[in-house]
Amino acid sequence: MSLTPLEGLIKEGTKHLSGTSEATIQSIDAVKKLAEMLRTSYGPKGMNKLVQNHLEKLFVTNDAATILKEVEIVHPAAKMVELAAHMQEQEVGDGTNLVITLTGELLQNAENLLRKGVFAADIINGYTLAEQKAYSVLEDSVVHTLADVKNVEEVAKCIKSALASKQFGYEDMLANLIAKACVEVLPENPKAFNVDNVRVAKILGGGVSDTTVVKGHVLPRDAEGTIKHVQNAKIAVFAAGIDISKTETKDTVLLKNATDLLNYSKSEEKKMEELISQIAAAGINVIVSGGSIGEMAMHFIERHKMMIVKAPSKFEIRRICKSVGATPLSRLGGPTPEETGNASSVSVEELGSTKITIFKQDKDRSGISTIVVRAATPNTLDDIERAVDDGVNVFKGMMRDPRFVAGAGATEIEISRKLQAFGDATPGLAQYAIRKFGESFECVPRILAENSGGRVTEMLASLYGAHGKGNIHDGIDVTEGEIRNAVEMGVLDLLLTKQTGIRLATDTAVTILRVDQIIMAKRAGGPKPPKQGPMDADD
């Protein structure tokens, strides 16, 4: 009886694939399937995916990062592409679909070379040379540099393209709102910009056009007391609740007469009144509590005409403190002037059927700005939140490198053209890989043309012709289905997004090409638990 090389060496049930035909080609096929699944969601005219995750929650989105997060991928090669897309999301916040699509195209072209007899080492060598050349072409393709990071109109113009791929039709309105929100919280050193300082409050009801920006923090809940509006607010933030602390041990109290009963709680009342009076004496007119608020405490707070807001989340407490400049207190009592926060106004407003508390600032700079998103369905709210997140991340990228290249597939066609010419001038077997690397960039304009319903072959030929005549900024107008100057259309892509996307896609493709064996251990775990059904008729 013949044995496989690893039989008797590794645990029973382990899958083992080896050689070009099994390991490499199967890995490439897995990545190609992943890229094909997501390519229809690329660009402004990309289609949505309806994803149901393991908790049976529904997602309707064209955001590649969200789709990958909710779809459980098990193939190791496809998992590597997912990790690369996740890295792109972490570093730049946009361009995840570019990484996946470009990796799939690079591996598909590598497969054609492998089948023709070119060694993987020669393909890897060619791809590495082509990657460096692609960076130099990108540097030469810069068409716009953001001059003034505090100019809202300039910033909006630059982030519009990233938003159009997520919310086509609303990109102009959202770009202005995001630019305004980002500029308001921009620190003295722009490179220290923190994306967490731009918050999103999702309020169901109304339309997307009702979305607004608030300079300050928005808490999606009502105030606890009867006072709902305070101007020139002085704010005390307590991390714990405002209530009588419970004793550590239990005890028994013997009450002999009515007087004992009346006097029993008076000391507690007196102590609570003293604490609330200290807070009021410090000039505080708004209290934020991180926990429960006792009835006795509420009584004295109302008596001193103070507004009280409950924020049970420690993250909300942190954001409120950053917005108003307060220090969260663990002790109950009057805060010092340094621990006190200030706001122009704290008020409760009603949007749709939801009551929100707004901590508003009228000064030039605010620690937090909030985009209050309105939409008719929860799915639309989530999708706009993802678009806002992309826009804010592009703004952060602009603070690191404010250069932009032409979008709409113009830069990709120029890279493709220059790399194919570079491949023809390179001696040796690496030239075939360089040419294929260049051809891979055709996928971006091709997918844009496909998703917009254009004639793909004719549009690609027209693009190559226009770029050959020197019109290097010509790209695809997805609205009209024709070739137009991307800069004149205002379609600009952040240089940093392209550079990071190309680096991650190339690294992932090269890593997969280096694999000659796949060893997958048997999955751990016993039988799956039974599915939980409804507990009663109400469920």
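Taking V198 as the residue in question, decide whether it is over 26 Å from I308 (Cβ atoms) and either modelled with pLDDT under 80 or of a type in the set (V, I, T) (or both). It is true that V198 is over 26 Å from I308 (Cβ atoms) and either modelled with pLDDT under 80 or of a type in the set (V, I, T) (or both). For region 125-141, the criterion of a residue being in contact with a Lys or Arg (Cβ under 6 Å, 6 or more places away or on another chain) and not in a helix (DSSP H, G or I) is satisfied by no position.
Scanning region 330-344 for residues being more than 19 Å from I301 (Cα to Cα) and outside any helix (DSSP H, G or I) gives a total of 2. Listed by position, the strands (runs of 3 or more DSSP E) inside region 444-523 whose residues that are surrounded by 24 or more Cβ atoms within 10 Å (Cβ to Cβ) number at least 2 are 474-477, 492-494.
Taking the stated definitions as given, is A162 modelled with pLDDT under 85 and within 25 Å of I413 (Cβ to Cβ)? Considered against the rule, which asks whether it is modelled with pLDDT under 85 and within 25 Å of I413 (Cβ to Cβ), A162 comes out as yes.
Listed by first and then second residue, the pairs linking a residue in region 277-303 that is without any contact (Cβ under 8 Å) to a residue 24 or more places away in the chain to a residue that is surrounded by 16 or more Cβ atoms within 10 Å (Cβ to Cβ) and not in a helix (DSSP H, G or I), with Cβ atoms under 8 Å apart and 6 or more places separating them unless they lie on different chains, form an empty list. Please determine whether any residue of region 102-118 is touching a strand residue (DSSP E or B) at 6+ places or on another chain (Cβ under 7 Å), assigned to a helix (DSSP H, G or I) and modelled with pLDDT under 90. No, because not a single residue in region 102-118 is touching a strand residue (DSSP E or B) at 6+ places or on another chain (Cβ under 7 Å), assigned to a helix (DSSP H, G or I) and modelled with pLDDT under 90. If the condition is being closer than 25 Å to Q26 by Cβ and in contact with a His (Cβ under 8 Å, 6 or more places away or on another chain), then region 40-68 contributes only L68.
The values are calculated or read from the model by the stated rules, or taken from the named source; none is laboratory data. The structure presented is a predicted model; accordingly, all values stated were derived computationally and were not measured. With ideal geometry, Cβ positions are generated from the backbone for all residues, glycine too; neighbour counts draw on all protein chains shown.
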